[in-house]
Amino acid sequence: MTESREWDDFLLRYPGIIVSGSNARGTVKLNGKWYRLKVMCPHFPKLQEARLELLLPQQVKFTKIRKEDLEVDWTLYDLMKHLPQLQQKYSDKANPNAKSLEITDSNIYSEIAALYAPQDYQLELNDACSLLRFSKFAGYERHYLQVALPTLRITAHSLPDCVPWEEQLQKYENLSAMVQQFRNYLQDLRPFYGNFADIDELCYVVQPKPPVSTKHNWRLFVLRERVFIKLVLSDPFAPIGSMSVQIIGPTQAVEELRRTLSDGLSEWDVELDIHKNLLRIFDICYFPMPPGSGWMEVDGEVNTTEQKFCNICYSYQLEEGEIPIVSCDNPQCTLVYHAACLKEWFNTLTDGMDFLSVSFGTCPFCKTKLSTSFAELLAN
Ligand SMILES: [Zn+2]
Ligand SMILES: [Zn+2]
């Protein structure tokens, strides 16, 4: 225990270092440059019997610092002060002809230091200095961008999956330009995310599996009992222009609502978001809310969209997040099925058929006609 107290002053001075027993490892920033080291220091702060290792630029393995390169009376504090010279010395030996390489690499780390902007985003470097993560962008809290170092290859991001962002962003060889472009994209995508915001808050979104991430460009939500809307914004830069609205449910309801929808689309109000336009089109004040949210009544009817199990596999949520929402045309039959389970069932039918991406078959329970578009329900 006394050991860790002895380290206290050191850790205050170098907050990027983590200590466990007499082992310390981590990252320090000296004069705007980053250094990564591993230390085993049993007589802290004295360097007797200490094992010291430094990660040199462009290397994946730590380099051991030799005793003869240290002054006899040095403590760990002195070593820290001399890290820049030691790194220089070992780098020259490791790579005498590669001055330019070394400069490129130290530029990455000084660039990281220059990108430190806590008012704009959170910046984290992992313990091995191999991954850099930007997150909690101001005004876009849920977004993040993660790159591998020193290659700058993108390893994770929060932008919608339907666009090859990696390709676009990878064109920027310099990190600052890449991050700036990422932030420009966030700004450009405001209308895209804005249109989904009200739907996520004010509708009963059944798929993708809630909580919906920033990577999805579609929503499936309840319109009324047994009937669902699937909204897809295929081009995040042109949400309205690329919008598609599908109605999924029993044949009669779908036919009627499709007519209402196509009439309504011609009177689209560009001043309003998608959620408000859809309310206007279907002439309702609000969409059904999730069970338990206290908004169960829709147009005077009681909304009975409570969790129902699939009557083929007898489960609720499948691994991919799919829940049973497909029902047959018989208003008396209250059973629902997963699209994936029904697809298998349809495959076993001799009189099943597909027409214009809609599949027709019969209800496994009551044998009434059942038609649905598996492409719409399963494509994601
Ligand atoms: Zn099922
Ligand atoms: Zn049925």
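Some notes on this structure:
- Projected-area average for the chain over all orientations - Cα convex hull basis, square nanometres: 26.7
- Candidates per chymotrypsin sites (Phe, Trp or Tyr not before Pro) in the range 8-48, loop by DSSP, up to 16 other Cβ within 10 Å: none
- Note that the range 205-245 carries a Kirkwood radius of 10.8 Å, evaluated over its alpha carbons pair by pair.
- The GNM of the chain, with springs linking C-alpha atoms under 10 angstrom apart, assigns the highest mean-square fluctuation among Ile154, Ile247, Ile312 to Ile312.
- Accessible surface, 1.4 Å probe, highest first, among residues Glu6, Glu68, Glu173: Glu173, Glu68, Glu6
- Karplus (6.51, -1.76, 1.60) ³J(HN,Hα), θ = phi - 60°, over the range 210-215, in Hz, Gly and Pro reported as x: x, x, 6, 8, 6, 8
- Reachable lysines, given that their alpha-carbon falls under 28 Å from the alpha-carbon of Lys369 and they are not under 8 places away in the same chain: Lys230, Lys308, Lys343
- Candidate lysines for bridging to Lys33, where Cα separation is under 26 Å - those fewer than 8 sequence places away on the same chain excluded: Lys46, Lys61, Lys64, Lys67, Lys81, Lys89, Lys93, Lys99, Lys136, Lys171
- Helix-only [θ]222 nm of the chain, DSSP H runs n ≥ 4, -39500 (n - 2.57) each, per residue, nearest 500: -9500 deg cm²/dmol
- Build a GNM of the chain with springs between Cα atoms under 10 Å apart, and of Leu342, Leu202, Leu70 the one that fluctuates most is Leu70.
- Rounded, prolate or oblate (a/c below 1.5 giving rounded, otherwise prolate when a/b exceeds b/c) for the range 307-380 by Cα gyration tensor: oblate
- Computed from Cα atoms alone, the Kirkwood hydrodynamic radius reported for the range 116-188 is 12.4 Å.
- Relative to the longest principal axis of the Cα atoms of the chain, helix 2-13 runs at roughly 80 degrees.
- Debye, to nearest 20: dipole size of the chain, +1 on Lys, Arg Cβ, -1 on Asp, Glu Cβ: 1420
- Cysteines not pairable in the chain (beta carbon separation under 4.7 Å absent): Cys41, Cys129, Cys162, Cys203, Cys285, Cys310, Cys313, Cys341
- Under the combined filter of DSSP loop state and at most 13 neighbouring Cβ atoms within 10 Å, the range 304-368 retains these trypsin sites (Lys or Arg not before Pro): Lys367.
- Top of Ser158, Ser22, Ser110 by mean-square fluctuation, Gaussian network on the chain, Cα under 10 Å: Ser22
- Note: relative contact order over the chain, using C-alpha pairs below 8 Å and six or more positions apart, is 7 percent.
- Rounded to the nearest 10 degrees, the inclination of helix 339-348 to the longest alpha-carbon principal axis of the chain is 60 degrees.
The values are calculated or read from the model by the stated rules, or taken from the named source; none is laboratory data. Just so you know, these numbers come straight off a predicted model, no measurement behind them. Note that each Cβ is placed from the backbone with ideal geometry, even for glycine, and that neighbours are counted across all protein chains shown. Ligands, DNA and RNA are stripped out before the accessible areas are found, and what is left, the full protein with its side chains, is counted by its heavy atoms. Shrake-Rupley method; radii C 1.70, N 1.55, O 1.52, S 1.80 Å.
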